[in-house]
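**Student:** Below is the structure I would like to discuss, written out as structure tokens.
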Amino acid sequence: MPECSKSRRFWSLALLCICACASDGATAANSPSRNVILDKLSPLASSSQLASRLLTPVTQDRIARFHDEVDFSFKDQTIRVGEEPFELFVPGGNEDDVYGLIVFVWPADDIQVPGDWWKVFRDRRLIYVASRRSGNSENVFERRMPLALHAYEYVRSRYRVDPERVFIGGFSGGSRTAQRVAMAYPDVFQGVLLVGGSDALGGDSGFTLPSTELSRLMQSRMRFVFSTGGDDSVNRAKDARTKRNLESLCMQGIRTVPQNGVEHWVPRGLGLDKAVDALEKPVERRADQSECDANLRQAIEGELALAAEKLAHDDLPAASRVLGQLDARYGGLASPQSVELARRIADKAGLYQVP
């Protein structure tokens with residue numbers, strides 16, 4: 001099958017056709033879920049929060065220094081209350097019940113939830129919520145990520161949610177968005193379900209690790225559950241690359257739940273249940289964690305030293321290139337040394353100086 005990036009319009013239509021065949025007859029008319037409208041914004045989705053978690057430390061510092069020279073500000077919130085529809089499913093029970101939560105991100109707006117998923121959510125006492133206007137055609141940073149965070153806030157403010165059972169997941173382009181949210185907010189989400197889409201960090205992926213504190217938290221407790229269809233060879237290959245990348249960053253909760261006989265589509269109910277089981281299980285410390293941490297630190301320090309060496313020889317282009325790659329690949333794990341080095345490069349190049 002063609003990938004989303006090749007033709008968004010074609011793929012959105014194709015997905016709608018797929019879900020009509022694969023949803024076991026689930027339709028809006030007989031779905032046990034209901035539609036709700038966003039009436040409260042999450043502070044987690046503010047521009048300042050997103051920037052502090054998504055931008056690399058060097059980029060954040062450059063913006064701050066530029067802000068000192070030019071007076072400007074970001075719009076605090078990009079979503080408006082009263083306009084955004086969400087699909088919500090809450091398992092029946094008493095008002096004092098404590099639930100788990102899964103926020104789901106779809107690649108198209110009108111996909112219907114497979115009918116056999118509802119039993120999984122009921123049996124596991126999981127609240128399900130998904131924006132109905134968060135498809136691949138929407139902007140990731142201005143809409144898709146904020147909508148996922150607002151969905152979390154909508155549920156958290158109304159129901160008793162166990163913070164140890166808060167997850168996010170997605171399919172295809174929605175899976176990549178869910179991965180971004182999970183890795184930016186490991187203090188909120190305990191795990192991420194990745195189906196038919198994932199990205200390695202650094203390079204052209206456009207996202208990196210958050211602050212040192214959040215990155216360490218992610219290493220120790222985030223569950224990365226890869227559950228792409230067994231016949232989706234393109235995305236399985238990408239998942240393999242992403243898993244190698246996460247392993248090199250010493251993430252401990254990497255898990256794979258095969259979905260045999262499934263192409264580029266979501267798991268059936270039984271497969272979803274196994275995937276959620278993997279999300280629920282606590283992370284166990286890797287046997288080689290201490291060695292991995294030491295090797296990672298050595299790699300970061302080696303690249304910092306290389307950039308500093310280039311700077312010492314006045315090779316500013318090379319120093320900037322090495323630092324840029326380091327900043328994108330390791331993010332907060334290379335801070336604050338990366339920020340200090342970036343300032344030295346900028347000062348030597350005569351940047352941020354008041355005329």
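**Student:** Test each condition in (1) out of contact with any helix residue (DSSP H, G or I) (no Cβ under 6 Å at 6 or more places or on another chain); (2) at pLDDT 95 or above; (3) within 20 Å of residue 219 (Cα to Cα); (4) surrounded by 12 or more Cβ atoms within 10 Å (Cβ to Cβ) for residue 300 and report the one that comes out false.
**Tutor:** Just one mismatch for residue 300, condition (1).
**Student:** When the residues of the stretch 270-296 are narrowed to those that are buried (at least 16 other Cβ atoms within 10 Å of the Cβ) and among the small types (Gly, Ala, Ser), which ends up nearest to residue 103 (Cα to Cα)?
**Tutor:** Within the stretch 270-296, the match that is nearest to residue 103 (Cα to Cα) is 275.
**Student:** Could you check the stretch 323-336 and list, in sequence order, the residues that are surrounded by fewer than 21 Cβ atoms within 10 Å (Cβ to Cβ) and either farther than 10 Å from residue 58 by Cα or β-branched (Val, Ile, Thr) (or both)?
**Tutor:** Once the filter is applied, which keeps residues that are surrounded by fewer than 21 Cβ atoms within 10 Å (Cβ to Cβ) and either farther than 10 Å from residue 58 by Cα or β-branched (Val, Ile, Thr) (or both), the stretch 323-336 yields only 325.
**Student:** Residues that are buried (at least 24 other Cβ atoms within 10 Å of the Cβ), assigned to a strand (DSSP E or B) and among the aliphatic types (A, V, I, L, M): does the stretch 142-160 have at least one?
**Tutor:** Scanning the stretch 142-160 turns up no residue that is buried (at least 24 other Cβ atoms within 10 Å of the Cβ), assigned to a strand (DSSP E or B) and among the aliphatic types (A, V, I, L, M).
The values are calculated or read from the model by the stated rules, or taken from the named source; none is laboratory data. These numbers come from a predicted model, not from an experiment. A quick note on method: Cβ atoms are made from the backbone with ideal geometry, for glycine too, and the neighbour counts reach across all protein chains shown.
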